[in-house]
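Beneath this line is the structure, given in structure tokens, with notes to follow.
The values are calculated or read from the model by the stated rules, or taken from the named source; none is laboratory data. Computed from a prediction, not measured in an experiment: that's the story for all the values here. Positions of Cβ are backbone-derived with ideal geometry, glycine not excepted, and every protein chain shown enters the neighbour counts. Heads up: the accessible areas ignore ligands, DNA and RNA and are worked out on the full protein's heavy atoms, side chains in. Shrake-Rupley method; radii C 1.70, N 1.55, O 1.52, S 1.80 Å.
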Amino acid sequence: MYHMNKKQELNAFIKECITNALIQLMESKPFGEITVTELVQKAGVSRVSFYRNFSSKQEILEKHLLLLIQEWGKTFEERGDPTYLAESLLNHFYKYRAFYLLLYQQGLSTLIYENIRAACKLDEAQNNIERYAKSMVAGTIFGWVDEWFRQGLKETPQEILAFTAK
């Protein structure tokens, strides 16, 4: 089993502080108006720490989204039931709805779409048929989730599943 050393643990903590600070700032200020200076002050870290870990504010969100979708993927794979895909995805988005809704409010829903595409394992090396099929799945999932978020997640995942089963 892999264990982080103290330096890796500290760096993971710094990344988490920066991510949490950005999310907190986004709750009260437009994403484009948040400065790196303000972000590192809120996170309690140096600019060097920021640039050691991230190239931009957007990368912070991309990496956070990647961690979230990896968490979902692990949960889905552990279940070992492909019929659980839709339910597990909806539960994932619902669990982290505050964050995902914040992205929508900030006009950053394209990050969610790109994250779904990555989760579908689209790869330039794949043949066109495979890429088109995976792209169609990613687009369908995003369209479904996109509308749910636009409606303000009024329904629970179970209610959404009941709609689609009819």
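Tabulated data for the structure shown
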| quantity | calculated |
| --- | --- |
| The chain: most fluctuating residue of ILE116, ILE34, ILE69 per GNM, C-alpha cutoff 10 Å | ILE34 |
| Largest-first principal axis extents, alpha carbons of the range 52-155, Å | 38, 34, 25 |
| 16 Å Cα-Cα reach of LYS29 towards aspartates and glutamates, excluding residues that sit fewer than 8 places from it in its own chain | GLU38 |
| Sulfur and carbon atoms: percent of accessible area, the range 1-128 [1.4 Å] | 53 |
| 24 Å Cα-Cα threshold exceeded, pairs from LYS7/LYS63; LYS15/LYS74; LYS6/LYS57 | LYS6/LYS57 |
| Highest-MSF residue in the chain out of ASN11, ASN115, ASN128 [GNM, Cα springs under 10 Å] | ASN128 |
| Prolate/oblate/rounded label for the range 1-107 (Cα gyration tensor, a/c 1.5) | oblate |
| With DNA, RNA and ligands ignored, accessible area of SER28 (1.4 Å probe; Å², nearest 10) | 100 |
| Separation of the ASP81 and LYS121 label points, Cα + 7 Å toward Cβ, nm | 2.2 |
| Normalised contact order of the chain, rounded percent, pairs of Cα under 8 Å and 6 or more residues apart | 20 |
| Hz values of 3J(HN,Hα) by residue in the range 127-137 - Karplus curve (6.51, -1.76, 1.60), Gly and Pro given as x | 6, 4, 4, 5, 5, 5, 5, 5, 5, 5, 4 |
| In Å², nearest 10: area of GLU155 left accessible to a 1.4 Å probe | 40 |
| Where the chain is the region considered: accessible area per residue in Å², 1.4 Å probe | 62 |
| Most positive-pole-ward Cα, TYR100, ILE69, THR19, against dipole of the range 1-158 from beta carbon charges | THR19 |
